[in-house]
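Quick note: the coordinates plus some simple rules give every number you see, no bench work behind them. Because the structure is a prediction, the values reported are computed rather than measured. Cβ placement follows ideal geometry from the backbone for every residue including glycine, while neighbour counts extend to all protein chains displayed.
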Amino acid sequence: MDIKQRIKDQVSGSPVVLYMKGTPQAPQCGFSALAVQVLNACGVHEFASVNVLADAEIRQGIKEYANWPTVPQLYINGEFVGGSDIMREMYQSGELQKLLESSSQKA
């Protein structure tokens, strides 16, 4: 299976998917830690995560998949949302909570 198909299967396999450095329990960079904190602040404690440090193909492929140069990357209902800065801005405006509420209704 090619890398784009693997990523497509991952992002469509769960309502909320976070590509990050490390794991939610042990983030390996500040941006990944922030992304986990934002999701937790939204009441999302169970979500799929992919540790890009564990798979070089995924680490490069996810950047090409979303045409977004950095990790973390958040996907909700299969759609790319953004990185940690965008997540924080959306959280502060209340937009992220609304998006996450719609994902839990579809799950």
| request: Would you mind checking the tilt of helix 3-13 against the longest principal axis of the Cα atoms of the chain, expressed as 0 to 90 degrees and rounded to 10? | output: 30 degrees
| request: Please get the size of the charge dipole for the chain, origin at its Cα centre, with Cβ charges of +1 on Lys and Arg and -1 on Asp and Glu, quoted in debye to the nearest 20. | output: 60 debye
| With the dipole of the range 3-106 worked out from charges on the C-beta (+1 for Lys and Arg, -1 for Asp and Glu) around the Cα centre, which of V11, L53, F31 lies farthest toward the positive end? | L53
| Across the range 46-56, in residue order, what do the Karplus-derived ³J(HN,Hα) couplings come to in whole Hz, using 6.51 cos²θ - 1.76 cosθ + 1.60 with θ = phi - 60° and x for Gly and Pro? | 10, 8, 7, 10, 10, 7, 5, 6, 8, 8, 4
| task | May I ask for the angle, rounded to the nearest 10°, between helix 84-93 and the longest principal axis of the chain, with both axes built from Cα atoms and the value confined to 0 to 90°? | result | 20 degrees
| task | Work out from phi, with θ = phi - 60° and the Karplus expression 6.51 cos²θ - 1.76 cosθ + 1.60, the ³J(HN,Hα) of each residue of the range 18-28, listed in order in whole Hz, and give x for Gly and Pro. | result | 10, 8, 8, 8, x, 10, x, 6, 9, x, 9
| remark: Assertion target for D9, D55, ordered by fewest C-beta neighbours within 10 angstrom first, is D9, D55
| task | Compare the peptides 41-47, 29-35, 72-78 by average per-residue count of other Cβ atoms within 10 angstrom and give them in order, highest first. | result | 72-78, 29-35, 41-47
| remark: A chain fully extended from Q92 to D55 at 0.36 nm per residue, minus the present Cα-Cα distance, gains in nm 10.1 nm
| message | 5 Å is the cut-off here: which amide hydrogens, built 1.01 Å from N in the peptide plane, fall below it relative to S49, excluding neighbours closer than 5 in sequence? | response | L18
| said: To test your reading of the geometry: what angle, between 0 and 90 degrees and rounded to tens, separates the Cα axis of helix 30-41 from the longest principal axis of the chain? | reply: 40 degrees
| request: Show the residues, 5+ positions off or on another chain, whose built amide H is closer than 5 Å to the amide H of G82. | output: L74
| query | Once Rh for the chain is found with the Kirkwood sum over Cα pairs, what is the Stokes-Einstein diffusion coefficient at 4 °C and 1.567 mPa s, in µm²/s? | reply | 96 µm²/s
| task | Restricting to the chain, compute how many DSSP beta bridges are antiparallel as a %, nearest 5. | result | 65 percent
| field | Listed residue pairs exceeding 19 Å between alpha carbons, taken from K21/K63; K4/K63; K8/K98 | value | K8/K98
| Ranking M90, M20 by Cβ neighbours within 10 Å, fewest first, what do you get? | M90, M20
